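K.L.:
Here it is, the structure in full.
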Amino acid sequence: MKGKVVILMGSEKDLKFCQEIANHLKAFELDYEFRVASAHKTPEKVIEILKGYEKDEVVFITIAGRSNALSAFVDAHTTKPVIACPPYSEKFSGADIYSSLRVPSGIGFLVTIEPEGAAIATAKILALEDKGLANRIKEYQQTKKREIEKADDTIKKLK
């Protein structure tokens, strides 16, 4: 399976955060594209975008700050996996995350606030049918383990 990732942002103001996610997706050699549509301002556009991917093997990563209706709206209108990755807001001391966590019944998307976490979750979903991708994930995990082991070796020598 050669899956695709659609990073759907609620506003072009989210682009910098989306690019962080994309950088992590590159580590897994995943194809991605950016799209912009708002559940509040352009719900018809969101549905149009989703329909364009109905026949594709795709994972949607949704990025919306403030009131994150986008993730629940997308999830309610697709059978594809949806990962919400709302950017953290100092302005609201993180309280805006509740709009991603408290959603109506029948909605089932994953939530992570870290760009790396969104990329890893996406890769794992697509790896269900892609052994090469599964191997890249294992390599990535081994690299992370080696970083910790190296740090431990360095720290235990300190006095």
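K.L.:
About its Cα centre, how strong a charge dipole does the chain have in debye, to the nearest 20, once Lys and Arg get +1 and Asp and Glu get -1 at the Cβ? The partial results should precede the final answer.
P.N.:
Working: 25 positive and 23 negative charges, 84 e Å.
The dipole magnitude comes to about 400 debye.
K.L.:
When a footprinting reagent is the concern and you count Cβ atoms within 10 Å, what order do 15, 101 take, fewest first?
P.N.:
Working: 15 14, 101 10.
Fewest-to-most ranking of 15, 101: 101, 15.
K.L.:
Among 28, 73, which comes first, then next, by fewest other beta-carbon atoms within 10 Å? Kindly include the intermediate steps, with their values, before the conclusion.
P.N.:
Details: 28 20, 73 24.
In increasing order of surrounding Cβ atoms, one gets 28, 73.
K.L.:
Figure the gain on full extension for residue 13 and residue 152 (residue separation times 0.36 nm, minus the Cα-Cα span) and round it to one decimal in nm. If you can, show how the numbers build up before the last one.
P.N.:
Values: separation 139, 0.36 × 139 = 50.04 nm, distance 3.92 nm.
Result for the pair: 46.1 nm of gain on full extension.
K.L.:
Additional query: Relative contact order for the chain using alpha-carbon pairs under 8 Å, separation at least 6, rounded to a whole percent? Could you put the intermediate results ahead of the total?
P.N.:
On the way: 246 pairs, mean separation 37.6, N = 159.
In percent, rounded to a whole number, it is 24.
K.L.:
Same structure, new question: I'd like the distance separating the alpha-carbon centroids of region 1-44 and region 64-134, in whole Å.
P.N.:
The two parts, judged by their Cα centres, are 11 Å apart.
K.L.:
Between their Cα atoms, which of 51/80; 26/131; 26/144; 91/144; 2/26; 4/124 are more than 20 Å away from each other? Let's see the in-between values first.
P.N.:
On the way: 51/80 11 Å; 26/131 17 Å; 26/144 16 Å; 91/144 32 Å; 2/26 14 Å; 4/124 13 Å.
Violating the 20 Å limit, Cα to Cα: 91/144.
K.L.:
For region 36-109, what D do you get in µm² per second when you plug the Kirkwood radius from alpha-carbon pairs into Stokes-Einstein at 20 °C and 1.002 mPa s?
P.N.:
Working: Rh = 12.7 Å.
Taking Rh from Cα pairs, D becomes 169 µm²/s.
K.L.:
At a 10 Å Cβ-Cβ cut-off, how would you order 136, 102, fewest neighbours first?
P.N.:
Values: 136 17, 102 8.
Ranking 136, 102 by Cβ neighbours within 10 Å, fewest first, gives 102, 136.
K.L.:
A further question on this structure: Based on the alpha carbons, how large is the Rg to Rh ratio for region 4-156 when Rh follows Kirkwood?
P.N.:
On the way: Rg = 16.4 Å, Rh = 16.2 Å.
In region 4-156, Rg relative to Rh is 1.01.
K.L.:
Ok, one more. Separation between the residue 47 and residue 95 pseudo-spin-labels, each 7 Å from Cα along Cα→Cβ, expressed in nm?
P.N.:
It works out to 3.3 nm between the two label points.
K.L.:
To the nearest 0.05, what FRET efficiency results for residue 33 and residue 143 with a Förster distance of 30 Å applied to their C-beta separation? The partial results should precede the final answer.
P.N.:
On the way: r = 26 Å, r/R0 = 0.88.
It comes out at approximately 0.70.
K.L.:
Add +1 for every Lys or Arg and -1 for every Asp or Glu among the other residues with Cβ under 10 Å from the Cβ of residue 65, and state the total. All intermediate terms of the calculation are to be shown ahead of the outcome.
P.N.:
Values: positive: 13, 66, 91; negative: 14, 96.
Result for the neighbourhood of residue 65: +1.
Read-outs throughout are calculated quantities, based only on the coordinates presented, and are distinct from any laboratory measurement. This one's a predicted model, so the numbers in the text were calculated from it and none came from an experiment. FYI the Cβ positions are ideal-geometry reconstructions off the backbone, even for glycines, and counts take in every protein chain you see.
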